[in-house]
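Accompanying notes for the structure given below.
Coordinate-derived values only; no laboratory data. Just so you know, these numbers come straight off a predicted model, no measurement behind them. Here the Cβ positions follow ideal geometry from the backbone for every residue, glycine too, while neighbour counts run over all protein chains shown.
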Amino acid sequence: MSPFNGKLVIVSNREPYVRRKGKLEKTAGGLVSALDPIMQKNGGIWIAAGSGERSPVGDSTKTTVPPDAPAYVQKSIWLKEAYENNYYHGYSNRFLWPLCHMTLDRVFLRRAYWSAYKKVNSLFAEAVLEETGDEPAVVWLQDYHLSLCARDLKEKNRKLVVLQFWHIPWPPHDIFRICPQRKEILEGLLANDLIGFHLDSFCQNFMTCVDRELGAGVDFKEGFVHYKGHTTRVKAFPISIDFEWFARSASSPKARRTWERFRKTLKLPQDGYVGVGVDRLEYTKGLIKRLEAIDLFFTKYPRYRRRFTFIQIAVPTRKVEPYLSYREKVEALVAKINAHYGEADWEPIKYIDYKLSHDDLAAIYDGVDLAVVSSIYDGMNLVAKEYIASQVDEKGVLLLSEFAGAAEAIPGAMLINPYDTECFADAIKQALQLPASEKQKMIRASIAYLREHDIYRWVGDILDEVERLK
Ligand code: ADQ
């Protein structure tokens with residue numbers, strides 16, 4: 001990664017650290033997992049909506065993080081509850097999220113959502129401008145919560161270089177045109193100097209939308225959009241993880257002890273196979289499809305009862321509808337499968353509904369025989385990459401949905417279609433039956449790719465592109 005000396009301001013909805021019971025804790029989720037190591041290395045300021053215990057000291061607060069080795073500043077903006085509900089739970093998560101993931105029956109919109117979304121975007125822009133004044137800086141906006149921010153920033157400080165990374169898919173135009181505010185959103189995004197997506201197909205979808213909706217000048221091949229005198233670079237940067245960190249953590253003696261402790265606590269049979277799924281409790285991650293496939297697997301292949309146990313780690317992150325109902329459905333299905341196939345001393349699914357540290361996850365990833373990522377649609381999916389990086393023993397198999405961005409790049413994964421339950425169930429059996437040498441060959445191919453394409457390369461590629469644009 002080339003040295004980056006400009007002042008860096010990251011802006012995201014979610015704080016990297018949240019205060020709970022007086023203690024700052026790192027939050028779960030792809031964005032924070034990806035960018036916290038970068039900020040710890042480079043320093044800078046990270047602006048986000050406050051979400052833990054509210055500070056009594058005003059509308060925004062600054063803290064240095066991480067608490068045990070302060071490396072950068074976190075500025076938290078405290079939003080009024082109505083704004084928070086309508087902008088975050090409403091427009092961002094009940095409207096844009098399902099729209100971009102093409103789960104159209106979940107798309108839900110209210111007028112109040114949009115006005116709060118606009119207001120909160122302008123509050124974020126103000127919070128950035130308070131830090132930069134008239135000075136130059138690089139402002140890196142994160143995700144779909146902030147699609148109008150770049151426009152405000154550029155209008156008030158022309159010296160800023162503004163870029164945005166869109167962490168979720170960008171849907172085809174036929175889907176995006178469902179959005180009544182599509183022109184404002186596209187114009188807002190085109191104020192950026194650079195927009196990044198995980199995949200080239202998302203870039204193409206986005207450019208088709210600005211072409212059809214705004215009549216912007218689009219160079220589809222080179223990835224440039226010219227609109228109202230401004231040029232925006234549009235480019236794919238598939239996000240990754242801190243490969244070395246996971247590899248190191250998984251190979252530590254502590255990881256072995258952690259895995260043994262898990263085996264004991266979960267009462268896993270000593271000689272059986274173990275699979276794992278690690279997800280936010282989120283409908284796009286395809287947990288129901290996965291459980292249905294596991295259910296069918298035990299029906300079709302009864303000899304694997306007692307010989308295969310699946311650990312599902314599902315952390316609830318959004319405590320509103322439709323997540324509450326989804327959680328109920330997932331938990332009911334787990335209970336049904338356990339009641340149907342379970343025995344006095346064996347449960348087919350071990351369900352864990354809380355957050356684990358990445359050290360614990362690395363130990364589990366290395367300990368199990370296979371991991372399942374069954375997203376019905378996913379921008380990238382970092383769990384897939386964390387699992388590969390943690391394969392010290394080179395014995396694991398990754399069953400990966402072909403609808404996760406990760407499937408486009410990672411060689412050596414076993415691709416599945418989560419909608420095709422029967423093939424999915426068969427793939428679990430095939431994965432368990434693969435000879436050790438074949439598993440090793442596959443996982444080595446994945447590891448070799450990922451070692452070269454880690455999170456530092458992702459950030460380096462983006463910041464190099466920023467330097468070129470400057
Ligand atoms: P997410 O959908 O949140 O983000 P994903 O890529 O699935 O992200 O990664 C989830 C992260 O949360 C991983 O780092 C994982 O280890 C962690 N996590 C999940 N469950 C956990 C648990 N029980 N305990 C501890 N940690 C847990 C969005 C997009 C993705 C994209 C990312 C990054 O939806 O497609 O990969 O951003 O761009």
Cα-based Rg then Dmax for the chain, in Å, read 22.4, 70
Projected onto their principal axes, the Cα atoms of the range 326-390 stretch, largest extent first, over whole-Å spans of 35, 28, 20
Helix 436-452: inclination vs the chain longest Cα principal axis, degrees, rounded to 10, gives 10 degrees
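State the antiparallel share, in %, of DSSP beta bridges confined to the chain, rounding to the nearest 5. Before the final figure, lay out each step's value.
Working: 18 of 64 bridges.
Counting DSSP beta bridges with both partners in the chain, the antiparallel share is about 30 percent.
Restricting to bridges with both residues inside the range 43-171, how much of the DSSP beta-bridge set is antiparallel, in percent to the nearest 5?
Antiparallel bridges: around 40 percent, rounded to the nearest 5.
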For the chain, the charge dipole (Cβ of Lys, Arg +1; Cβ of Asp, Glu -1; about the Cα centre) points to a positive end, and the Cα of Ala71, Pro253, Tyr341 closest to that extreme belongs to Tyr341
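Given +1 on the Cβ of Lys and Arg, -1 on the Cβ of Asp and Glu, and no further charges, what dipole in debye does the range 246-452 carry about its Cα centre, rounded to the nearest 20?
Working: 31 positive and 28 negative charges, 118 e Å.
That gives a dipole near 560 debye.
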Across 5 Å bins beginning at 0, the whole-percent shares of Cα-Cα pair distances in the range 337-470 come to 2, 9, 16, 19, 21, 15, 9, 5, 3, 1, 1, 0, 0, 0
All alpha-carbon distances of the range 94-133, grouped into 10 Å bins from 0, give the whole-percent distribution 28, 33, 27, 12, 1
Debye calc, one equal point scatterer per Cα of the range 30-130, no solvent, log10 I(q)/I(0) at q = 0.11, 0.13, 0.21 1/Å comes to -0.42, -0.58, -1.12
Rg/Rh of the range 246-452 (Cα atoms, Kirkwood Rh), to two decimals, equals 0.93
The simple spin-label model distance between Ile352 and Asp105, using points 7 Å out along Cα→Cβ, in nm, is 3.2 nm
Between Ala335 and Glu408, the FRET efficiency computed from the C-beta separation at R0 = 41 Å comes out, to the nearest 0.05, as 0.70
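Determine, for each peptide in 139-147, 41-49, 257-265, the mean count of other beta carbons within 10 angstrom over its residues, then list the peptides with the highest first.
Values: 139-147: 24.4, 41-49: 19.9, 257-265: 14.8.
With the highest mean Cβ count within 10 Å placed first, the list reads 139-147, 41-49, 257-265.
Calculated FRET efficiency, Glu155 and Arg263, Cβ-Cβ r, R0 56 Å, to nearest 0.05? Walk me through the numbers before you get to the answer.
Values: r = 58 Å, r/R0 = 1.03.
Using R0 = 56 Å, I get an efficiency of 0.45.
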With DSSP loop assignment and no more than 10 other C-beta atoms within 10 Å, the trypsin sites (Lys or Arg not before Pro) in the range 200-241 are Lys221, Lys228
Helix 323-341: inclination vs the chain longest Cα principal axis, degrees, rounded to 10, gives 10 degrees
Per the rule of 0.36 nm per residue minus the C-alpha distance, extending Lys395 to Asp464 adds in nm 21.2 nm
Of the listed pairs Lys26/Lys470; Lys289/Lys319; Lys7/Lys355; Lys7/Lys470; Lys80/Lys319; Lys26/Lys319, those with alpha carbons more than 24 Å apart are Lys26/Lys470; Lys7/Lys355
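Could you grab the relative contact order for the chain? Cα pairs under 8 Å, six or more apart, rounded to a whole percent. Intermediate results must be reported in sequence, preceding the final value.
On the way: 887 pairs, mean separation 61.4, N = 470.
Answer for the chain is 13 percent.
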With Cα coordinates, the longest principal axis of the chain makes an angle with the long axis of helix 253-265, in degrees rounded to 10, of 60 degrees
Placing +1 on each Lys and Arg Cβ and -1 on each Asp and Glu Cβ in the range 258-346, then taking the dipole about the Cα centre, the residue among Thr299, Val276, Ile288 whose Cα reaches farthest towards the positive end is Val276
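Just check the range 421-463 against the gyration tensor rule for me: Cα atoms, a ≥ b ≥ c as the square roots of the eigenvalues, rounded for a/c under 1.5, and otherwise prolate or oblate depending on whether a/b exceeds b/c.
Working: a/c = 6.81, a/b = 2.09, b/c = 3.27.
Because a/c hits 1.5 or more and a/b fails to exceed b/c, the range 421-463 counts as oblate.
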